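The values are calculated or read from the model by the stated rules, or taken from the named source; none is laboratory data. Remember, predicted model here, so these are calculated numbers, not experimental data. Virtual Cβ from ideal backbone geometry, glycine too; neighbours counted across all protein chains shown.
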Amino acid sequence: MTAPAVLVVEDDPGLRVLIARALQQNGFAVFQASTGAEMWNSLEQRPVDLIILDVMLPGKNGIDLCREIRTRSDVPIIFVSAKVDETDRVIGLELGADDYIPKPFGTRELIARVRAVLRRRPVESGSNGASPERVQFAGWAVDMRRRSVFSPSGASIELTGAEFDLLASFIGSPQRVLGRERLIELSRVRLGDSSDRSIDVLVSRLRRKLSSAGQSAPIVTVRGVGYMLTADVTHG
Amino acid sequence: MRVKLVPPGAVGRVLAVVALTGVIGLSLNTLVYEGTSRFSIREEEARRTSEHIVVVARMLEGEEPGRRARIVEYASTQHFKLGWFQQPISPGERSDALTQMHRQMVVWEPSLAGKDLRLHLGSPGAATEVSGSLQLSDGTWLHFRAQDLVGKWPLKLRGILIASLPMIALVIIALVTLRVILRPLGLLAEAVTRVGYGDSTILPEQGPAEFRHLIRAYNDMQSRIVTMIKDRTEALAAVGHDLRTPLARLRLSVDCVDDAEMRDTLTHDVNEMELMLDSLLTYFRGDDHPEKPSLVDVAVLVTTVVDDLQDRGFNITYSGPEHCDATLRLVEFKRAVSNLTNNAVQYGNHAAVRFTVDDSVIRIFVEDDGPGIPEADMQRVLIPFQRLDPARQRNTSGVGLGIPIAVRAIAAAGGKLILSNRPQGGLCAQIVLPRQTWPARLGNTL
């Protein structure tokens, strides 16, 4: 298995080299570009598995470049931006970027995000390519890309990062019993770096937050085995 | 061309007011003094009275005493009673107020001059009655009593009142006029008071020339201030954004440091710089909200903030409903709650978040067991960049914007933040959010 190839498009030389080094140390093949033109040159020479794109680039900015890439390729894109406005994040994700990392970020966060995006992609291409951006279950709506959850009443439900990853794991395997080991594995990105809570605590929190009007959350405990999302998940 | 009747300057206007009131006062005074005599003593009545008593007196003097009583009786009418007595009306005191009337009567009927005419004002139960007596040639007295010979008011009081009417009119006119003239000044004072509280208003230039200059100067000054603040804020925000790239470099470089202890120290410093930068940029982004209010489950939001802190190893608990929907700006409000809970876990060993809800308000209490805030500093912590006494700080980070940012976010949601020291020690930060300002689609409250 060859190392996944990542193209880093960043105009700040120092930051570009540091990102490249962090990726290389974690087993990625890294290519670098400082402008949009260099990016296109590099992509012509060889395709990559993922592009890390700075939003603020001299000349053509990252948002325009993202739009252009999307017209000809489905390659995963992660935005890197010094702006932390919620609108920037939303615009980036709506343009088809797969994730958005605000500066400054650490090596672990960078690698975790890159791995998460790369892991998500092949599974989706297996299921007809289209990524399930919005899913519904038992009246609840989840926007996978924006990582937002809405209750049956239409209210935003804020979850911690680990809780959302856990929910995403359940949504990925509805009506199937998931063992603790499997859940830890599926959610390890977040659990690894921001939380040492056990799966049981996270599940109980998730249940509390996904209860509504006297109804308990559609997640049941299968004694001795693990947990299961009982509701049907619909896409679109 | 319109003819300008109103002088443009304040001095001109005040002069105009003085002149106007002078003229009005003078004319009113003239009218009133001319009218006083006419109004107070009914001249016609006085003349008729004098004629009447002169005639009756002559008749009585020409008749023998035995028939006099009958004549007196015949000569009396309902409003004018006559009588014949040996003595004058007692007590014989004369009313000064009737001196003028006395003079008028004597002028009209000179024969009254030698007859010791005495006039008296009023009698018990009839204040407007004039009575009098005059001596006949044989030393006996003719008494008479006339009703309504004077106006209802006692003469002096009436005179004073009438004389003061122009004064009252002048005061009212001057008051109204001056208020109208000075109104722009009041509006300016109000506007100046509001400067710096977000809403800058451009005042219309109105009123006297001096005021118009002042208002124009104020408007110019205000736009200069607004531009200056905007420029500086933009510059600061730009620097803030630019700082993120070197900070990102620093953070990635820190990860390459082999010494674990050194790496932790550096990470801690980078984290602190990042937090300060974040709060600065949040504060200076100010009131231009890119975020739209939306329906949010506030109870879950608060729970998640608490859960995040628990995950980071802090001792903090949540008690309250599992769900409660409200319309607000999610990111902004979450930051407010985070700032308050971060303070609570930084200053105290244990923090508790209580969430209560009734028909009209949502209350979120963030309580800690830390040192609290001295009463004298309660207002100071609401001011940006104010940090309390360094001796009280314990591993605190930030630039003193946490509470001001929270105050602004809560105010934007229509609520308020109340800080108080708990009786058992520690601080209680209470967020009060009114519910009626929100749409009625309130969700499931358990």
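Hey, can you tell me all the residues within the range B:333-345 that are surrounded by 22 or more Cβ atoms within 10 Å (Cβ to Cβ), within 14 Å of chain A (Cβ to nearest Cβ) and either farther than 15 Å from B:Phe355 by Cβ or without any contact (Cβ under 8 Å) to a residue 40 or more places away in the chain (or both)?
Within the range B:333-345, just B:Thr341 meets the criteria.
Can you find, within the range A:150-161, the residue that is nearest to A:Leu95 (Cα to Cα) among those that are in contact (Cβ under 8 Å) with a residue 24 or more places away in the chain and more than 7 Å from chain B (Cβ to nearest Cβ)? It would help to see each step written out before you state the result.
In the first step, residues of the range A:150-161 are kept if they are in contact (Cβ under 8 Å) with a residue 24 or more places away in the chain; the result is A:151-153, A:157, A:159-161.
Subset that is more than 7 Å from chain B (Cβ to nearest Cβ): A:152, A:161.
Numbers: A:Pro152: 27, A:Gly161: 23 Å.
Across the range A:150-161, the extreme among qualifying residues is A:Gly161.
Quick check on the range B:238-263: of everything there that is part of a helix (DSSP H, G or I) and loosely packed, with under 12 Cβ neighbours inside 10 Å, which residue is farthest from the other protein chains (Cβ to nearest Cβ)?
Among residues in the range B:238-263 that are part of a helix (DSSP H, G or I) and loosely packed, with under 12 Cβ neighbours inside 10 Å, the one farthest from the other protein chains (Cβ to nearest Cβ) is B:Glu261.
This table checks each residue for (1) modelled with pLDDT of 80 or more; (2) farther than 19 Å from B:Asp138 by Cα; (3) aliphatic (A, V, I, L, M).
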residue	(1), (2), (3)
B:Arg58	yes, no, no
B:Glu61	yes, no, no
B:Ile71	yes, no, yes
B:Phe80	yes, yes, no
B:Gly83	yes, no, no
B:Ile89	no, no, yes
B:Glu93	no, yes, no
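Within the range A:204-218, restricting attention to residues that are modelled with pLDDT of 90 or more and in contact with a Leu (Cβ under 7 Å, 6 or more places away or on another chain), which residue is farthest from the other protein chains (Cβ to nearest Cβ)?
Out of the qualifying residues, it is A:Leu206.
Among the numbered criteria (1) surrounded by 16 or more Cβ atoms within 10 Å (Cβ to Cβ); (2) at pLDDT 80 or above; (3) under 22 Å from B:Glu45 (Cα atoms), which one does B:Leu121 miss?
(2)
Just to be sure, is A:Ala141 surrounded by fewer than 17 Cβ atoms within 10 Å (Cβ to Cβ), under 19 Å from B:Val296 (Cα atoms) and modelled with pLDDT of 90 or more?
Numbers: surrounded by fewer than 17 Cβ atoms within 10 Å (Cβ to Cβ): yes; under 19 Å from B:Val296 (Cα atoms): yes; modelled with pLDDT of 90 or more: yes.
Yes: the conditions hold for A:Ala141.
One line per residue, one yes/no per condition, for (1) among the aromatic types (Phe, Trp, Tyr); (2) in contact with a strand residue (DSSP E or B) (Cβ under 6 Å, 6 or more places away or on another chain); (3) away from chain B (no Cβ under 13 Å):
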| residue | (1), (2), (3) |
| --- | --- |
| A:Ala3 | no, yes, yes |
| A:Asp11 | no, no, no |
| A:Ile19 | no, yes, no |
| A:Phe31 | yes, yes, yes |
| A:Thr35 | no, no, yes |
| A:Met39 | no, yes, yes |
| A:Ser42 | no, yes, yes |
| A:Gln45 | no, no, yes |
| A:Leu50 | no, yes, yes |
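When you look at B:Asp307, is it without any contact (Cβ under 8 Å) to a residue 12 or more places away in the chain, within 10 Å of another protein chain (Cβ to nearest Cβ) and crowded, with 21+ Cβ neighbours inside 10 Å, yes or no?
yes
Identify, please: which residue in the range B:381-423 is at pLDDT 80 or above and basic (Lys, Arg) and is, among those, farthest from B:Arg329 (Cα to Cα)?
Ranking the qualifying residues of the range B:381-423, first place goes to B:Arg422.
Name the one entry in B:Ile202, B:Ile215, B:Ile181 that is assigned to a helix (DSSP H, G or I), at pLDDT below 85 and of a type outside the set (Gly, Ala, Ser). If you could, list the steps in order and put the result at the bottom.
On the way: B:Ile202 fails: assigned to a helix (DSSP H, G or I); B:Ile215 fails: at pLDDT below 85.
Answer to the check: B:Ile181.
Are any residues in the range A:176-199 modelled with pLDDT of 75 or more, exposed (fewer than 14 other Cβ atoms within 10 Å of the Cβ) and within 14 Å of another protein chain (Cβ to nearest Cβ), and if so, which ones?
Listed by number, the list holds a single entry, A:Ser198.
Does B:Leu266 satisfy the condition of being closer than 20 Å to A:Val80 by Cα and either free of Cβ contacts under 8 Å to residues at least 40 places away in the same chain or surrounded by 13 or more Cβ atoms within 10 Å (Cβ to Cβ) (or both)?
On the way: closer than 20 Å to A:Val80 by Cα: no; either free of Cβ contacts under 8 Å to residues at least 40 places away in the same chain or surrounded by 13 or more Cβ atoms within 10 Å (Cβ to Cβ) (or both): yes.
No: the conditions fail for B:Leu266.
Determine whether B:Ile383 is surrounded by 20 or more Cβ atoms within 10 Å (Cβ to Cβ) and not small (Gly, Ala, Ser).
In short, no.
For the range A:17-53, give me each residue that is β-branched (Val, Ile, Thr) and either out of contact with any Pro (no Cβ under 9 Å at 6 or more places or on another chain) or surrounded by 19 or more Cβ atoms within 10 Å (Cβ to Cβ) (or both).
A:Val17, A:Ile19, A:Val30, A:Val48, A:Ile51, A:Ile52
Hey, can you tell me all the residues within the range B:408-436 that are part of a loop (DSSP other than H, G, I, E, B) and either more than 17 Å from B:Ile362 (Cα to Cα) or of a type outside the set (A, V, I, L, M) (or both)?
B:Gly414, B:Gly415, B:Arg422, B:Pro423, B:Gln424, B:Gly425, B:Gly426, B:Arg435, B:Gln436
Please specify each residue of the range B:290-302 satisfying the condition of being facing chain A (nearest Cβ under 7 Å) and buried (at least 17 other Cβ atoms within 10 Å of the Cβ).
Matches in the range B:290-302: B:Leu295, B:Val296, B:Asp297, B:Val300, B:Leu301.
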